[in-house]
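The values are calculated or read from the model by the stated rules, or taken from the named source; none is laboratory data. Just so it is clear, the model here is predicted, and its values are computed rather than measured. Using ideal geometry, Cβ is built from the backbone for each residue, glycine included, and neighbour counts are taken over all protein chains shown.
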Amino acid sequence: MKAFPDTSFFCSVYREQAFSREADALFAQTPKPLPVTSLLLFEFRQSVRLQVFLRAKDRKKGFTKAEGEAMLRDLRADLSSGVIDVVPVDWTEVHTLAEMLSAKYTESGGHRFADLLHVATALHLGAEQFLTFDTNQRTIAQAEGMKTPC
């Protein structure tokens with residue numbers, strides 16, 4: 001079954017946290033290579049770097065530079081080995097789909113820009129499963145007929 005992940009899924013795969021056990025099991029079961037986009041990779045890397053920054057400013061927030069470096073190193077290894085594959089997308093079509101999702105769901109559900117882009121990307125790629133721990137994205141993906149096993 002063709003799956004597409006979001007950033008919350010990647011964070012749970014690449015760093016030990018509340019949903020990591022579930023994410024690891026799903027990642028292991030998902031057919032490889034798992035398709036990702038340059039946008040998803042950028043958002044994940046940016047999130048990691050932001051968490052490192054937050055930790056540097058307040059030791060109660062974020063995570064250490066060593067943790068961030070390990071997450072990015074593990075991601076690079078998965079990209080190099082072909083476990084994850086960066087796939088091209090037609091961003092004009094993705095934006096059109098995201099606009100349709102926005103018009104359909106945002107006023108009633110309060111969905112964010114990135115949430116809509118990730119779900120639109122999954123639809124554009126023909127994903128049957130959307131891998132997310134984000135409630136907003138799960139709601140939209142389910143409404144659009146995708147399975148959300150997380």
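So which residues in region 117-144 are part of a loop (DSSP other than H, G, I, E, B) and touching a Leu at 6+ places or on another chain (Cβ under 9 Å), if there are any at all?
Glu144
Tell me which residues, restricted to region 1-25, are within 18 Å of Asp85 (Cα to Cα) and surrounded by fewer than 16 Cβ atoms within 10 Å (Cβ to Cβ).
Selection gives Met1, Lys2, Asp24.
How many residues are touching a Phe, Trp or Tyr at 6+ places or on another chain (Cβ under 6 Å) and at pLDDT 95 or above when one looks only at region 98-124?
Total satisfying the criteria: 1.
Does Ala114 meet the test of being among the small types (Gly, Ala, Ser), assigned to a helix (DSSP H, G or I), under 14 Å from the mean Cα position of the chain (by Cα) and surrounded by fewer than 22 Cβ atoms within 10 Å (Cβ to Cβ)?
yes
Would you be able to tell me the number of residues in region 26-81 that are loosely packed, with under 15 Cβ neighbours inside 10 Å, farther than 22 Å from Lys147 by Cβ and of a type in the set (S, T, N, Q)?
5
Kindly list, by first and then second residue, each pair from a residue in region 11-28 that is over 20 Å from Gln51 (Cβ atoms) to a residue that is surrounded by 17 or more Cβ atoms within 10 Å (Cβ to Cβ) and modelled with pLDDT of 90 or more, limited to pairs with Cβ atoms under 7 Å and residues at least 6 apart or on different chains.
Partner pairs satisfying both residue conditions: Leu26/Leu131; Phe27/Val13.
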